[in-house]
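Read the structure below first, then the notes.
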Amino acid sequence: MKAVAPADLRSELSASDQNPASFDLINVTIRADTSSSSQAILSRLLRAMNSVATRRRLSRDGRLESREGILYAYRRAGVVTHMVHFREQIEASSHEVPPSAQSEGARLAIIIDDLGNDRAAADAIFALQCPITISVLPNHPKSIEIAQEANRRGYQVMLHLPMKAMGDERPEAQELRPGMSVDEVGTLVDNLLQAVPDVVGVNNHQGSQSTADAALMEELMPVLREHNLFYVDSRTTAATVAYDTAQRLGVRSGFRSVPFLDDVVEAGAVRKQLQLALRDAHKKGDAIAIGHPHPATLQAMRDVLPEAKSQGVRLVFVSEVVH
């Protein structure tokens with residue numbers, strides 16, 4: 001894969017005290033090998049710009065679509081001071097599969113949750129040499145290290161966002177809970193994104209109570225949209241409204257469409273679940289499966305995933321099957 005400069009920036013400095021309606025225009029061209037890489041770069045740039053804006057007491061308006069890209073306005077005391085225009089330029093590597101070939105056939109995206117404590121488990125996933133999406137819990141001993149190494153190797157990383165459960169599951173130190181205010185939700189997500197760098201999307205950790213709370217999901221989804229992140233509903237409860245809310249509020253989203261791979265943590269049982277996921281992908285065209293970094297799960301993946309191509313299923317990162 002060839003090296004690609006992540007972004008080009010051009011500024012048109014037009015703001016003046018004599019003309020209160022004037023503002024500075026910043027044009028950013030994001031250069032990437034793939035759309036998913038472009039989304040990761042955009043998310044990283046937005047977080048950096050938001051940090052600068054906060055220090056300078058600027059607020060950011062919602063995302064606006066243009067014919068050529070995405071626009072964001074920054075304001076001070078209600079007056080627009082900066083407009084930032086992002087454009088995407090995909091520069092395909094000669095080693096990539098042509099887009100027409102990439103779009104053929106059924107697709108299965110596998111997410112492995114709960115990374116963050118065990119670097120060896122992450123290395124075992126990397127050794128599979130398959131496009132597995134890893135979802136990292138924030139503020140664990142190896143969270144940042146695993147996320148950075150996954151990104152370095154070209155894997156997609158998600159924030160495994162802790163949410164309130166209905167039962168007696170052990171909660172994380174910080175989690176999304178019903179009753180939080182809009183500001184509290186935004187602050188929590190911002191903090192957790194700092195704890196798992198360069199993510200492209202979010203899925204819920206636990207969350208059977210939180211994802212069933214319509215008001216909370218309506219607060220969360222605009223925050224994810226502002227960060228240009230997609231959402232995958234892990235569906236830890238049949239009462240979830242997370243995916244429907246994401247769709248309604250314009251957040252690219254998907255949901256776990258087959259049973260968890262390792263509800264029974266035995267290699268034989270996981271192999272059967274993986275075969276079920278492959279059949280489901282072949283039948284429906286796309287499927288999302290979720291598992292965990294248990295040794296039995298990783299062994300079953302080593303056994304079964306090489307069969308995917310012969311079954312007419314292409315393994316993909318989850319960003320390819322959200323919409």
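The values are calculated or read from the model by the stated rules, or taken from the named source; none is laboratory data. Quick caveat: nothing in here was measured; it's all calculated off a predicted structure. Cβ sites come from the backbone with ideal geometry, for glycine too, and all protein chains shown count toward neighbours. We work out accessible area using only protein heavy atoms, side chains counted, and drop any ligands, DNA or RNA first. Shrake-Rupley method; radii C 1.70, N 1.55, O 1.52, S 1.80 Å.
Within the range 3-15, residues that are among the aliphatic types (A, V, I, L, M) sit with their Cβ atoms under 9 Å from residues that are open to solvent by 70 Å² or more (accessible area, probe 1.4 Å) and at pLDDT 65 or above, at 6+ positions apart or across chains, in these pairs: ALA15/PHE23. Residues in the range 195-245 that are out of contact with any strand residue (DSSP E or B) (no Cβ under 8 Å at 6 or more places or on another chain), touching a residue at least 60 places away in the same chain (Cβ under 8 Å) and β-branched (Val, Ile, Thr): THR237 alone. Within the range 119-167, the residues that satisfy the criterion of being in contact with a Phe, Trp or Tyr (Cβ under 9 Å, 6 or more places away or on another chain) and among the charged types (D, E, K, R) are GLU149, ARG153.
Only one of these conditions is not met by ARG225: (1) closer than 29 Å to THR54 by Cα; (2) in contact with a helix residue (DSSP H, G or I) (Cβ under 7 Å, 6 or more places away or on another chain); (3) of a type outside the set (A, V, I, L, M). Which number is it? (2) is the only condition that ARG225 fails.
Can you pull out the residues in the range 232-248 that are open to solvent by less than 50 Å² (accessible area, probe 1.4 Å), not hydroxyl-bearing (Ser, Thr, Tyr) and not in a loop (DSSP other than H, G, I, E, B)? Hits for the range 232-248 are VAL232, ASP233, ALA242, ALA246.
Residue-by-condition table, conditions (1) among the acidic types (Asp, Glu); (2) open to solvent by less than 50 Å² (accessible area, probe 1.4 Å):
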{"residue": "MET221", "(1), (2)": "no, yes"}
{"residue": "HIS227", "(1), (2)": "no, yes"}
{"residue": "GLY250", "(1), (2)": "no, no"}
{"residue": "SER253", "(1), (2)": "no, yes"}
{"residue": "ASP263", "(1), (2)": "yes, no"}
{"residue": "ALA269", "(1), (2)": "no, yes"}
{"residue": "LYS272", "(1), (2)": "no, no"}
{"residue": "GLN275", "(1), (2)": "no, yes"}
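Just one of the numbered conditions (1) farther than 23 Å from ARG225 by Cα; (2) surrounded by fewer than 20 Cβ atoms within 10 Å (Cβ to Cβ) is not true of PRO178: (1).
Matching residues to (1) outside any loop (DSSP other than H, G, I, E, B); (2) more than 19 Å from PHE317 (Cβ to Cβ); (3) at pLDDT 80 or above:
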{"residue": "ALA5", "(1), (2), (3)": "no, yes, no"}
{"residue": "SER22", "(1), (2), (3)": "no, yes, no"}
{"residue": "SER37", "(1), (2), (3)": "yes, no, no"}
{"residue": "SER43", "(1), (2), (3)": "yes, no, no"}
{"residue": "SER51", "(1), (2), (3)": "yes, yes, no"}
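Is one or more of the residues making up the range 279-297 surrounded by fewer than 16 Cβ atoms within 10 Å (Cβ to Cβ), touching a residue at least 60 places away in the same chain (Cβ under 8 Å) and outside any helix (DSSP H, G or I)? Checked against the condition, which is being surrounded by fewer than 16 Cβ atoms within 10 Å (Cβ to Cβ), touching a residue at least 60 places away in the same chain (Cβ under 8 Å) and outside any helix (DSSP H, G or I), the range 279-297 yields at least one hit.
For the range 158-171, residues that are surrounded by fewer than 20 Cβ atoms within 10 Å (Cβ to Cβ) and under 21 Å from the mean Cα position of the chain (by Cα) total 0.
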